[in-house]
1. Can you compute the modelled spin-label distance between Ala619 and Glu162, with each label point 7 Å from Cα toward Cβ, in nm?
2. Treat each spin label as a single point 7 Å out from the Cα along the C-beta direction, and report the Arg371 to Ser341 distance in nm.
3. Need one number: nm distance between label points at Glu44 and Leu325, each 7 Å from Cα along Cα→Cβ, rounded to one decimal.
4. Counting only protein heavy atoms and using a 1.4 Å probe, what share of the accessible area of the stretch 285-356 belongs to carbon plus sulfur, as a whole percent?
5. Ordering Val348, Val58 from largest to smallest accessible area (1.4 angstrom probe), what's the sequence?
6. Given a 1.4 Å probe and the protein chains all in place, what does the accessible area of Arg289 round to, in Å² to the nearest 10?
7. Could you give the Stokes-Einstein D for the stretch 561-660 in µm² per second, using the C-alpha Kirkwood radius, 25 °C, 0.890 mPa s?
8. Using 0.36 nm per residue, how much length does the chain from Leu53 to Arg75 gain when fully extended, once their Cα-Cα distance is taken away?
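The values are calculated or read from the model by the stated rules, or taken from the named source; none is laboratory data. Remember, predicted model here, so these are calculated numbers, not experimental data. Reconstructed Cβ throughout: ideal geometry from the backbone, glycine too, with neighbour counts over all protein chains shown. These accessible areas exclude ligands, DNA and RNA; they are computed on the full protein's heavy atoms, side chains included. Shrake-Rupley method; radii C 1.70, N 1.55, O 1.52, S 1.80 Å.
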Amino acid sequence: MSVPARGRRATLRLTAADVRGAAWSLVSTAAGLGLAIWVVPGVEVTNPWSLVLAALAVAVGDALLRPVLRGVARRSGVVGALVSGVVAQVAVAWAALTYLPGFRSGTWTDVLAVLVIAAVLMALGRWVVGASDNEYVIGDLLRRARRQAGVPRGGAAGAAAERPAGLLVVLLDGVARPTLDYALQAGLAPTLARWVGDGSHHLTTWWARVPATTPASTVGLLHGSTEHVPAFRWWSRALGRLVVTNRPADAAAVEARTSDGAGLLAGGGVAVSTMFSGDAATSLLVMSRAREGLGPGQMFVHFFASPFVLVRAVVVALGELLKELYQGWQQAVRGVEPRVSRLGWYPVLRAVTNVVLRDLNTTLVAEQLVRGAPVVCVDLVDYDEIAHHAGPLRPESLRALEGLDRVVGLWEQVAAVAPRRYDVVVLSDHGQSLGATFEQVTGRSFLDEVRRLMALDPPGDRARPDDDGRARDDAASARGEGRRRATAPDSEAWGPANTALNALRPGQPGAQDTDAGRMLVGPDRSERRSDAAPALPELPEVAVVGSGNLGMVWFPRAPRRLTGDEVRARWPALLPGLVANPAVGVVVERGPRGEVRAHGRGGSRDLLTGEVVGADPLAPFGSRAAADLVRVAGLEDAGDLVLVSSVDEVGMVHAFEGLVGSHGGLGGAQNQAVLLHPAHLAVPDDELEDVDGTPMLVGAEAVHRRLVAWLRDLGVRPPVAEEAPGRGSVA
């Protein structure tokens, strides 16, 4: 659906609000420059009115250079936009402070110092007067949109019937429904609270099935299928290696297997900072397309070239890093439990995701709304990033959610004057649950515990033939001889950073980071035998992976998935030992005739027939547990053994990796995802399923179908009969 063209008169119309906004921008820039010049010894000003002239020169220089920079970025990509934008900011400021009357300037480094300090002081000033600091990032975009729409500040862009419909889908990564309820009651999400309070939106819950992870939910929401994603990372027998979804090549492969060409964003949509593209025409900072670049370079010019915006983001990011170090130290001093280490690369990642990427996403989405994209989807990872390390309900996590509410409020302002009449849907991909880690409970990592149990009660010291006919000593291998342990940054926290780094670095498409294939993988005896024959690469004895409190164990040397009986025959202590572990709630095995049985410390349950022997191990996990575990255990790349941690009476779980806030399996709030939708976009009762007494959509696929139906209801997407056929699933 096309966007109506706007006349020249509407484009050139100025309002009193525009004049006030421009005046405030001019005064604040002049004040920031004046204070910065006072701090920097190499620059002096002799006439206060020269500051106003310099601020005006900066604004005019930005307006004149922006078209040129867009042309440069169109040819040179995002890197060109970054370099040219920074150079342009410094050049304009240097020219203003060098050639305008009333200034005595030093070197270009002095000018750069003035820019940095002015950006920080202007951000602090906005915070002191109670203005949204993020609004500074898109202030000129808002003014431009209002001028084009011909409306005053706070007004709407004409009657609803005059504008075609559009949809903005905002993913609040990791926010559970109970967590959002707490934030609404605490006054930390005033924008969303206003929507719910005035009845414009309905707040409901949808069930994030196992695996309750970002890749599974995101590919389901955007492409309508989760069958190729059994966890966050997994062993692929077909590829003979570990697949890690926050690595662009693996994300691209998953999308290729899943997409039918008619994803949620097909037909001209835009994906921003998502793991998969949803078949969008424009992809910006999208993981699965990172090997193709971060997106069209001209889309990034506004952020990189706007006076002080990028500089402010970088400087404020440093403040975020220091804040994280302080908050982590405070947790340790107060003895907060459970907790994990918040050092290493995490403070840097938090600074990048919660400041630089948040501001960049704010700009990119606002730009697309002003351009009139029919449907835009953005994934905001800020809360999820902090909650993993601090805890889902800890103060710093909820403060991140408060910041995201402000961003949504800014987009609401842009949507009000955009060329389309945007409806906004806010949802999450899953929740999070709190709890001590597996290693904190047992004293050993998940991998070490599996190795220890495999080494107990060995079947004998003789070598016996494996399924491929080669003789190997399983017991010696399981005892960890020649064990290797690699640490690779493949945790979920590295997703946004991996997208940017892989898009910017040179390399062969599809190349894999070899460390990723070794993480949490058992011993490979080819490393300890220098005289080994080079004929065939040996596979590891065992691959062990944790995706939150969902654990999986593979035995890669077997050409097919092993049954529970085969596991018992080879390693008699493994299954009983895992079942007896206090951090483990359920161990799922498959039988020779397709049976699926869940074992707990007090009994077992046949997940297909429902037959229970002893105590039902799924009782603590709710009514959806059996269906979810049957489904995930039946996926092509699921582990030979599938585990879910134990859960206590208040919903605390135990991650199989080093995260105090986790998701992936069952227990606590991690499966209770958020769906906040406009009241006029209904969810039919026949699409809802009962989950412990509450009707809700079940599975990301169901939410995808509902989002697509809403697009059709709005006229953004043609009816089913008019849609072009998809390109089919790629095997």
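1. Taking the simple label geometry, Ala619 and Glu162 are separated by 6.5 nm.
2. Rounded to a tenth, the inter-label distance reads 4.3 nm.
3. Distance between label points: 3.6 nm.
4. Numbers: 1940 of 2920 Å².
Here it works out to 67 percent.
5. On the way: Val348 60, Val58 20 Å².
In descending accessible area the options line up as Val348, Val58.
6. Accessible surface of Arg289 is approximately 60 Å².
7. Values: Rh = 13.9 Å.
Value of D from the Cα-based Kirkwood radius: 177 µm²/s.
8. Numbers: separation 22, 0.36 × 22 = 7.92 nm, distance 3.33 nm.
Working it through step by step, the gained length comes to 4.6 nm.
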